[in-house]
Amino acid sequence: MEKLWGGRFKAATDKAVDDFNSSIRFDKRMYLQDIRGSIAHAEMLGKQGIISKDDSALIVKTLGEILCDIEEDRVEFLIDAEDIHMNIEKILIDRIGDVGKRLHTGRSRNDQVALDIRMYLRDESEQIAMMLDHLQTALVSLAENHVDTVMPGYTHMQKAQPINLAHHLLAYFEMFKRDYSRLSDWKKRMNYSPLGCGALAGTTYNLDRNYTASELGFIGICNNSLDGVSDRDFVIELASVLSLVMMHLSRFCEELILWSSHEFSFVEMADTHSTGSSIMPQKKNPDVAELIRGKTGRVYGDLNTLLVMMKGLPLAYNKDMQEDKEAIFDAVDTVKLCLPVFADMLRTMTVKKDIMKKGASGGFTNATDAADYLVKKGMPFRDAHETVGKMVAYAIEKNCSLDEIPLNVLNEFSTIISDDFYQAIKLETCVSERKIPGAPGNVKEAIKEAKEYLEKLI
Ligand code: ARG
C-alpha cells in the first residue's frame with residue numbers, strides 16, 4: 001500500500017517494520033475521538049476559508065458515514081496504514097478522492113494523536129467516575145445496615161478498639177470520594193485542546209484554535225505548541241489516580257480475604273462471587289477479591305511504564321510516545337473491570353454479625369475505655385493507663401475479660417471504681433460514646449452526610 005507520507009521514499013517499508021511500527025491494533029479504539037476531532041477541524045477549515053465550504057461539508061458528511069460503517073463493523077483497518085489516524089484519513093481519501101486529501105491541512109498527526117488520546121481518556125474518565133459513584137452508593141447502603149454491627153478495629157493487625165462495621169465501610173467511602181475528586185481535578189487540568197499545535201510549531205494557516213477547542217468540549221487551548229504535542233502529563237496523572245483507586249480496592253480486598261478465612265469468619269462471599277477448588281471439595285475461595293488485589297500490580301506497572309517512557313524524551317513528539325496507549329488503556333480497562341465486580345461482591349456478601357461482635361469482645365478492646373472511665377473519675381490519664389494495664393495482666397492470668405472481674409477485686413486496683421464501670425466498658429458503650437465528629441459513635445451523622453454528598457453528584 002502506498003503510504004500517505006510516501007513522497008520522499010523510494011523503497012517500500014519492510015513488512016516487519018510495518019508490523020513493528022503500526023499501532024492500529026490498539027489505537028483503533030480511538031476511532032470516535034479521531035473522527036470527532038477531524039469533523040471539528042474540517043468545519044473550522046471551511047469556516048476560515050482555508051478549504052471551500054463545499055469541501056468541508058463533503059468531508060464532514062463522509063466522516064459521519066465512515067463512523068457509522070466502523071460502528072457497524074463494515075470497515076477493515078490496515079496494518080500498513082499504521083494507526084487509526086491514517087487509516088481513517090485513507091478511507092476518507094478512498095471515498096472522496098482529492099477533497100479528502102484536504103482534511104489534513106494545517107494539522108499533524110502529532111497534534112491529532114495528542115487530541116485523540118485526551119478526548120478518549122476524558123470520555124473514559126466519565127465512566128470511571130460513574131462507577132466510583134455506584135461503588136460509593138453500595139458502601140453507604142451497606143453501612144446503613146451495619147450501624148449496630150460491632151467489630152474489632154485493628155492497629156498492627158492486633159485488636160485495638162471496638163468500632164462498628166458502618167464506620168469501617170465509610171473509611172473506604174472517604175477514599176473513593178477522594179479518588180472521585182482527583183478525577184474531577186484531573187479533568188480541569190487536562191481539558192485543553194492541542195489541535196493547532198501542528199507537528200511542533202503551530203502552522204501558518206489562520207486556524208481558529210478556540211473554535212475547535214470549544215466544539216470539542218475543551219475549556220481552552222494548549223498555550224505552547226511544543227508542549228501541546230509532547231505533553232503526556234495527563235496520561236501519567238490519570239494512571240496515578242487509577243493506581244490509587246486500585247490501591248483502595250486492593251486494601252479492602254485484602255481485608256475481605258482475611259475476613260472470609262475460617263479463622264476470622266466475619267463475612268461470607270456469595271456463591272455467585274466465589275469459586276471452588278478442583279481438588280479440595282470443601283473450598284470456597286474469594287477469587288474475585290484476590291484477582292482485584294493482583295490486578296493492582298499491573299496498574300502500578302502501567303504507571304511506571306509511562307513515567308519511565310517519558311523521562312528521557314527531548315521536545316517535542318517522539319515515537320516512544322506511541323507506547324503511552326497500551327499502558328493507559330490497560331490501566332483504564334483494569335479499573336473498569338474491577339470497580340463494578342467489586343461493588344457486586346460487596347452487595348452480595350453475608351456479614352456474620354455475631355462472630356464480628358465476638359471478635360470485638362476478646363483481646364481487651366475496651367481497655368482504653370476502662371482507662372477513660374478512671375480519668376473521668378479524676379485520675380490522671382497516665383496513672384489510669386498503668387492501672388488498667390495491671391487489670392489486663394490480672395485478667396490474662398485469670399483467663400477472663402475486664403468485665404468479668406468482680407467489683408471488690410477491681411477496687412484493689414482503684415477505689416474510685418464503682419458499679420457503673422461495667423456499663424462504661426460494654427462494647428456497645430465503647431462504640432456509641434465515641435460520638436465526636438469522625439468517630440464510630442457518630443456514624444449515623446456520617447451516613448447522612450455521605451448521602452447528601454452522593455445526591456449532589458447526580
Ligand atoms: N501512532 C502515533 C502515536 O500513537 C501517532 C503519531 C505519529 N506521529 C508521527 N509523526 N509519527 O503516537
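Where a number appears in this text, it was derived from the coordinates with a stated rule and is not lab data. These numbers come from a predicted model, not from an experiment. Cβ: placed from backbone, ideal geometry, glycine included. Neighbour counts: every protein chain shown.
Here is the list for region 72-164: trypsin sites (Lys or Arg not before Pro) lying in DSSP coil, each with at most 14 other C-beta atoms within 10 angstrom of its C-beta, are Arg74. Let a ≥ b ≥ c be the square roots of the eigenvalues of the Cα gyration tensor of region 314-357; is it rounded (a/c under 1.5), or, if not, prolate (a/b larger than b/c) or oblate? Here region 314-357 falls in the prolate category. Lys295 sits among other residues whose Cβ lies under 14 Å from its own Cβ, and their net charge, with Lys and Arg +1 and Asp and Glu -1, is -2. Distant-in-sequence amide contacts of Thr275, defined by a placed amide H-H separation under 5 Å and a gap of 5 or more residues or a different chain, comprise Asn285, Asp287. Taking Cα centre as origin and charging only the Cβ of basic (Lys, Arg, +1) and acidic (Asp, Glu, -1) residues, the dipole magnitude of region 52-157 rounds to 440 debye. Axis of helix 287-311 versus longest Cα principal axis of the chain: the two differ by about 50°, to the nearest ten degrees. Taking amide H positions as modeled 1.01 Å from N, with prolines and chain starts lacking one, the residues under 5 Å from Gly198 and 5 or more places away or on another chain are Ser108, Asp111. Over 31 Å between Cα atoms: which of Lys61/Lys177; Lys47/Lys187; Lys336/Lys456; Lys53/Lys90; Lys159/Lys398; Lys47/Lys325 fall into that group? From the list (Lys61/Lys177; Lys47/Lys187; Lys336/Lys456; Lys53/Lys90; Lys159/Lys398; Lys47/Lys325), the Cα-Cα distance tops 31 Å for Lys61/Lys177; Lys47/Lys325. Taking all C-alpha pairs of region 1-153, those more than 23 Å from each other amount to 50 percent. If you bin all the Cα-Cα distances of region 278-322 at 5 Å, starting from zero, the percentages per bin are 5, 16, 16, 13, 11, 9, 8, 7, 6, 5, 3, 2.
Percent of Cα-Cα pairs more than 20 Å apart in region 157-271, please. Tail fraction, whole percent: 61.
Restricting the GluC sites (Glu not before Pro) of region 1-76 to loop positions (DSSP other than H, G, I, E, B) with no more than 12 neighbouring Cβ atoms within 10 Å leaves Glu2, Glu72, Glu76.
One equal scatterer on each Cα of the chain, no solvent, Debye formula: the resulting log10 I(q)/I(0) at q = 0.06, 0.10 Å⁻¹ is -0.42, -0.84. Close amide H contacts of Ala270 (hydrogens built in the peptide plane, cut-off under 5 Å, sequence separation of 5 or more or a different chain): Met349, Thr350. Hydrodynamic estimate: the Kirkwood radius of region 113-203 over Cα pairs, inserted into Stokes-Einstein at 4 °C and 1.567 mPa s, corresponds to D of 80 µm²/s. May I ask for the angle, rounded to the nearest 10°, between helix 381-398 and the longest principal axis of the chain, with both axes built from Cα atoms and the value confined to 0 to 90°? Approximately 70 degrees, to the nearest ten. For the pair Ala12 and Met280, label points projected 7 Å from Cα toward Cβ lie 5.9 nm apart.
Over all directions, the projected convex hull of the C-alpha atoms in region 15-67 averages 4.6 nm² in area. Computed over region 321-458, the Cα gyration tensor eigenvalues convert (square root of 5λ each) into semi-axes of 46, 18, 16 Å, ordered from largest to smallest. Using the Cβ of Met151 as centre and a radius below 9 Å, the other residues enclosed give a net charge of +2, where K and R count +1 and D and E count -1. Across region 219-315, Cα-Cα pairs more than 22 Å apart make up 51 percent of the total.
Relative to the longest principal axis of the Cα atoms of the chain, the long axis of helix 31-47 makes an angle of roughly 50 degrees.
Placing dummy labels 7 Å off each Cα toward the beta-carbon, the span from Asp271 to Leu32 is 3.8 nm. In a DSSP loop and with at most 11 other Cβ atoms within 10 Å, the trypsin sites (Lys or Arg not before Pro) in region 227-314 are Lys283.
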